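The values are calculated or read from the model by the stated rules, or taken from the named source; none is laboratory data. Everything numeric in this text was worked out from a predicted model, so none of it was measured. Note: ideal-geometry Cβ built from the backbone for every residue, glycine included; neighbour counts use all protein chains shown.
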Amino acid sequence: MSLRVIAGAARGMKLKPVPGSSTRPIMDRAKEALFSIIGGDIREANFLDLFAGTGSVGIEALSRGAAYAHFNDLERAAIKTIHHNLARTGLKSKAQVTRRDAFDLISRRPERNYLYIYVAPPQYKGIWLKTLAAFDANSEWHCLDRQIIVQIDPNEYDANRSFQQLAVSDQRKYGRTMLLFYRFAHATGAKQW
């Protein structure tokens with residue numbers, strides 16, 4: 001499968017995949033749809049790519065005008081790949097790359113006002129639900145403007161699962177990819193940025 005930047009400053013540039021089968025890059029069709037839904041709001045936004053893998057989604061955000069993207073992954077091969085892809089696209093100056101456990105990152109106060117958080121964890125392990133529960137439980141992350149976008153296989157979706165603060169605002173399916181858009185319903189205890 002060929003990975004590439006679809007639009008913006010780095011349009012058409014090919015991205016290196018992470019070696020092995022530990023990551024599942026988003027297909028062009030789903031990525032194009034994702035950024036069509038986000039639209040112009042990506043410009044000047046801060047973006048957190050939590051289980052970044054190749055960095056493809058965060059790089060697309062930067063290419064389309066995001067002010068800053070934080071790429072996080074626990075796998076060494078993914079971190080090396082993200083650094084390579086950022087250097088190749090010339091977007092490194094607007095990025096931070098960290099190798100941390102995602103749940104450690106979520107347990108702390110956010111370092112920036114992330115308008116978008118992209119969650120595409122390893123499949124079929126329930127990690128996406130655990131991730132949303134962690135965001136739901138930490139009021140430091142609650143912000144009415146913030147969107148958490150989850151990429152899962154449709155077979156992983158559990159329509160009966162609900163959270164105290166997070167609610168699904170939209171969902172889309174593109175073949176074997178489902179995108180779920182979550183927003184914070186109340187954000188009562190949050191410091192608004």
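Summary table
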quantity	calculated
Residue check, GLU140 among the acidic types (Asp, Glu), touching a helix residue (DSSP H, G or I) at 6+ places or on another chain (Cβ under 8 Å) and either in a helix (DSSP H, G or I) or surrounded by fewer than 17 Cβ atoms within 10 Å (Cβ to Cβ) (or both)	no
Search result, residues across the range 1-58 that are buried (at least 17 other Cβ atoms within 10 Å of the Cβ) and on the phi > 0 side of the Ramachandran plot	GLY8, GLY53, GLY55
Hey, ALA69 surrounded by 16 or more Cβ atoms within 10 Å (Cβ to Cβ), at pLDDT 95 or above, assigned to a loop (DSSP other than H, G, I, E, B) and not polar (S, T, N, Q) or not	no
Number of the condition not met by GLU140 [criteria: (1) within 16 Å of ASP49 (Cβ to Cβ); (2) over 17 Å from the mean Cα position of the chain (by Cα); (3) not hydroxyl-bearing (Ser, Thr, Tyr)]	(1)
Where a residue in the range 156-175 is in contact (Cβ under 8 Å) with a residue 24 or more places away in the chain and its partner, wherever it lies, is in a loop (DSSP other than H, G, I, E, B) and of a type in the set (A, V, I, L, M), with Cβ under 6 Å and at least six apart	GLN165/ALA185
Single match in LEU62, LEU86 (criterion: more than 15 Å from the chain's Cα centre (by Cα), crowded, with 21+ Cβ neighbours inside 10 Å and either of a type outside the set (A, V, I, L, M, F, W, C) or assigned to a helix (DSSP H, G or I) (or both))	LEU86
